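Take a look at the structure below.
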Amino acid sequence: MSVQFIGLKEINGPLVVLDHVPDVGFEEIVELLLDDGSTRLGRVVQIEGERVVIQVFEGTNGLSLKNTRTRFLGKPMELPLSTELLGRIFSGAGKPIDGLGDIYAEKYGDINGKPLNPVSRVYPRNYIRTGISSIDALMTLIRGQKLPIFSGSGMSHNKLAVQIVRQAKIAEDKGQKFAVVFAAMGVKNDVADYFRRSFEESGVLQRVVMFLNLSNDPIIERILTPRCALTAAEYLAYEHDMHILVVMTDMTSYAEALREFSSSKGEIPGRKGYPGYLYSDLASLYERAGIIKTAKGSVTQIPILTMPNDDITHPVPDLTGYITEGQIVLGRSLEQAGVYPPVDVLPSLSRLMKDGIGEGYTRADHSAVSNQLFAAYAKVQDARSLASVIGEEELSAEDQQYLEFGRMFEKHFLNQGFYEDRTIEQTLDLGWDLLCLLPKESLDRVDNEVLEKYYDPKRAEKFKG
Amino acid sequence: MNNTVYSINGPVVTVRDTKDFSMLEMVYVGNKRLIGEVIGITDHATTIQVYESTTGMKPGEPVYPTGAPMSATLGPGILSNIFDGIERPLRSMEEASGAFIDEGNSIPSLDTEKKYDVTLTVKPGDQLKGGDIYATCPETPVILHKCMLSPTLKGEIVEVSPNGSYTINDTVAKLKTPKGEIVELTLCQKWPIRTPRPVAKRLPSDRPLITGQRVIDTLLPVAKGGTAAVPGGFGTGKTMTQHQLAKWCDADIIVYIGCGERGNEMTQVLEEFSELIDPKTGKALTDRTTLIANTSNMPVAAREASIYTGITLAEYYRDMGYHVAIMADSTSRWAEALREISGRLEEMPAEEGFPAYLPSRLSEFYERAGYMETLCGKEGSVTIIGAVSPQGSDFSEPVTQNTKRFVRTFWALDKSLAYARHYPAINWTTSYSEYIDDLKDYFDKNVSPDFLTCRQKINSYLAEENKLMEIVKLIGADVLPDDQKLIIEIARVVRVGFLQQNAYHKDDTYVPLEKQLKMMQAIIYLYEQSRKIIAKGIPVSEISDLGLFDMLTRMKYDIPNDHLELFDNYYHTIDTKLSQIK
């Protein structure tokens, strides 16, 4: 349709209103041509008769009621798709920004995607070895899972994500294609650059698709960024049988963009000003992880979000936790104690791990070790809070043992080098070594049989003295 | 007729200047014929909520009335099936449109080609009233489907087809109503999802829903026909608890509603339930289960409807005389769907943006539970177990608070228990069950008169421990006198050995009431014998050194469910070991 509408009726934040526009589809894409020759993209977000509300992706700076001509493109937002995407860099709205020209599209995909029929899903079981003890043993990442990292400003979540990407790649089986889709939403230039350099160093850059919406880019584009990224991921996974790891950072910036957009539309706010549909909106992103019956590929998501004020009950981490299949929580006190990666074990969880570990996947004793480590570390916390009241000397012998276990656990198990890639056997054996610091009868989460096989106080001797 | 779309805002569309629609009528919207429902009428505009994505819809597209409210199709083929929130079969949709769900799918809810082996139970001349059974057919190997006359009909049977195999739309009998109309009876009927199906009368809920989960059956039981809420933050095991109940509870039929939850979880239910064998019938669990899956990324309006679809299916089977349990995971997502649609309608919000009618909608839902005498004179029940996902794990938020008013059992899941991997993470101090008194007779007669006494004692150990822990947190356990130390020890046995239950252990995943009782008795025996010894001035540490507490902590694993006689050995061991001290 080449009809152009001259002028606008109203401008309000990122929204513009047009009157007397017939025959427009809901969520249709709009091109705004400015007098200076530049163009901007927008999307129809509300229709009332011939009155149309449009959300402008690049912002409304410089628009006036007169200097704009509007063209309706007659289709929803689409992303050109082809395997050429790999190794390329795009803006948050899916335009190439690496100067290598447009993508020659094999097909176009609606960036909103479609809900996956639960019947067509394959339940994820294949574990991804990350080589990081805390994750592999205690919150195993499964292919097709969505496992976010809950972090805070200034913590090493980016470093951890890079290590996961690098080591997960190494652990891939031969002959299986692996690629990374990276979506940056409102992150600093430095952070985006850090990821790019790290991908380069670990030799995956040619298999990375990057969508960058930096913190100084328009917020409306930020709402499109994860959708473009996931559309690319689904295409590569389901039509080219690749295993895709989608890293999305920072989901908090995304949610804030959504809030800004919602309030400019005049919607009724829910908690902390976020729109009432934040849950559904986040779900429409996270639920795009998975494996389907008809393809060999998979989409695994690692969304990263910074908890404002380290508050896990803030709406963004809270709603994320309700949708994702677990979470990896980073703890500030561990970070300050110099532990890397500072994984706060107790609130962290992987919901899918129970079916992807044990005999045939990792090792038969895996679930016993992880349950016992969790339970023992929970007791360490009790002992610590008691010690802070009555002093460490006053603690019972058992509590003292737990304190010692806690220290060693953090020092040897959680803490590991940025380039240290531990096998699952190393990790589980290390877990047993540490558990042997504790009296045998206090290991109540383990079957006697397993305990007989692995328990030997001598194993713990290396931690003493 | 020119009813056309005027405005579009997400799932809410309006039609201007029409009087053709009635409230809650089902309509088809747009060229793709998306399913919608009328939710507001003024003389200027009719407001419709659409159950599918409205992307690409234009003003001026047609809207077709159907003249009937949103209804569920009820008939054989519901069990072992999986539907979306408005009863569209997901398996057939997969065949039609592949792995991703397309809009405008008009697939019949139930398989219209499958033939059932029908036995007619009426003969010409029989007078039937609403709810009476006129035919039966085996729907799955374990459930006999009973075709009942719609509650709105009555009359005389004038023609009956011979027994044989029929599809759900074949006429199997003809009924003459008092007005003289002839109604053709098939194997299925329709019922509006927002209207409760009528019953003869409500009966008291005096039988427990036996779940095999110790903390529930013993401490916090729910009655058949009762209501329970499971609130808990993420990662506290709501879904896990619901799955355990769906697998093991002694209802005849399970309706599992995945309302705004994860897609992978529904896949897991599908896979697990088809592999698991029901211990009572020896057949696959799917034979007694139906799933409603409206995952979080499926359209929000259909999520709102999924709860009603689910309970309508449940009521239908209750009317046949079955005991049905509904797992609704999660009612918070349903409440959020209400909020989202209410926001689009620009209604005045009450607490936290939720509409002011949230409490009345919740009570309407929970009140559809109950132990009933059905219209055909049988007894059936609908038990509702609703998960609640409070924002920020804060139980003072509106959905949890309002739910609490309408349910009689409250299983509060606790984050700190979950962090310590104590599952099921039901907090025994903040949870409650109002059914204890109602169920007393049942426990006395069918388990043992001792059951509730033991329960009381176990409860008192936990309550006592709770008090003592406040002191212990301040000054440590060492300063307590020995009788209080004994409480701490025995309460630990109760917590770890009794309340904690391992869903992945073959024996521990389901524990019969007899074993639960014997476990309690063993714990109580140890406590009482130890107390006698402590009264003689012997410190509790000497008893702990005997390993008796640890022995009872492990009894859930050491004694198989079918060898309960092994419990007798414990009494012997306790006696011998304690006598060594003297």
Solvent-free Debye scattering, log10 I(q)/I(0), computed from the Cα coordinates of region A:4-76 at q = 0.12, 0.21, 0.24 Å⁻¹: -0.24, -0.80, -1.08
Helix B:263-275 axis, angle to chain B major axis (alpha carbon atoms, nearest 10°): 70 degrees
Value of relative contact order over region B:226-346, rounded to a whole percent, pairs C-alpha under 8 Å and six or more apart: 34 percent
Rounded, prolate or oblate (a/c below 1.5 giving rounded, otherwise prolate when a/b exceeds b/c) for region A:79-355 by Cα gyration tensor: rounded
Within-13-Å neighbourhood charge of B:Gln213 [Cβ basis; K, R +1; D, E -1]: +1
Share antiparallel - DSSP beta bridges, region A:199-350, percent rounded to 5: 40 percent
Mean projected area (nm²) of the alpha-carbon convex hull when chain B is viewed from all directions: 29.5 nm²
Reachable lysines, given that their alpha-carbon falls under 20 Å from the alpha-carbon of B:Lys404 and they are not under 8 places away in the same chain: B:Lys224, B:Lys238, B:Lys415
Value of [θ]222 nm, deg cm²/dmol, for chain B, DSSP H segments ≥ 4, -39500 (n - 2.57) each, nearest 500: -10000 deg cm²/dmol
Relative packing of A:350-361, A:55-66, which averages over residues the other C-beta atoms within 10 Å, highest first: A:350-361, A:55-66
DSSP beta bridges in region B:222-334 [antiparallel fraction, %, rounded to 5]: 10 percent
Stokes-Einstein translational diffusion, the protein assembly as shown - Kirkwood Rh over all Cα pairs, 1.306 mPa s, 10 °C, in µm²/s: 51 µm²/s
Compactness of region B:446-489 - radius of gyration and Dmax, Cα, Å: 13.5, 45
Helix B:436-446 axis, angle to chain B major axis (alpha carbon atoms, nearest 10°): 70 degrees
Translational diffusion of region B:108-216, µm² s⁻¹ [Kirkwood Rh, Cα pairs; Stokes-Einstein; 25 °C; 0.890 mPa s]: 154 µm²/s
Dipole magnitude of chain B about its Cα centre (Cβ charges: Lys, Arg +1; Asp, Glu -1), debye to nearest 20: 640 debye
For B:233-245, mean number of other protein chain Cβ atoms within 10 Å: 3
Two-site FRET efficiency, A:Glu10 against B:Lys19, from Cβ-Cβ distance with R₀ of 22 Å, rounded to 0.05: 0.10
Eligible aspartates and glutamates near B:Lys283 by straight Cα distance, threshold 12 Å, same-chain separation 8 or greater: B:Glu275
Ranked by how many other beta carbons lie within 10 Å on average, peptides A:235-248, A:409-422 from highest: A:235-248, A:409-422
Cα-based shape type of region B:372-503, given that a ≥ b ≥ c are square roots of the gyration tensor eigenvalues and the cut on a/c is 1.5: oblate
Cα-based shape type of region A:366-463, given that a ≥ b ≥ c are square roots of the gyration tensor eigenvalues and the cut on a/c is 1.5: oblate
Relative contact order computed over region A:123-192 (Cα-Cα under 8 Å; 6+ residues apart), in percent: 31 percent
Contact order relative to length of region B:373-429, as percent, for alpha carbon pairs under 8 angstrom and 6 or more apart: 17 percent
Exercise: per-residue mean of other protein chain Cβ atoms within 10 Å, B:2-10: 4
Shielding of A:206-215 by partner chains, average beta-carbon count, 10 Å: 0
Crossing angle, helix A:157-170 versus chain A [Cα axis fit, 0-90 degrees, rounded to tens]: 80 degrees
Ellipsoid equivalent to region B:230-333 - semi-axes via the Cα gyration tensor, in Å: 21, 17, 12
Percent antiparallel among DSSP beta bridges (both partners in the protein assembly as shown, rounded to 5): 65 percent
Computed helical MRE - 222 nm, chain A, DSSP H runs ≥ 4 contributing -39500 (n - 2.57), nearest 500: -10000 deg cm²/dmol
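Bear in mind that the values in this text are calculations on the coordinates, not laboratory data. Everything numeric here is computed off the predicted structure, so don't read it as measured data. Heads up, the Cβs are rebuilt from the backbone with ideal geometry, glycines too, and the neighbour counts pull from every protein chain shown.
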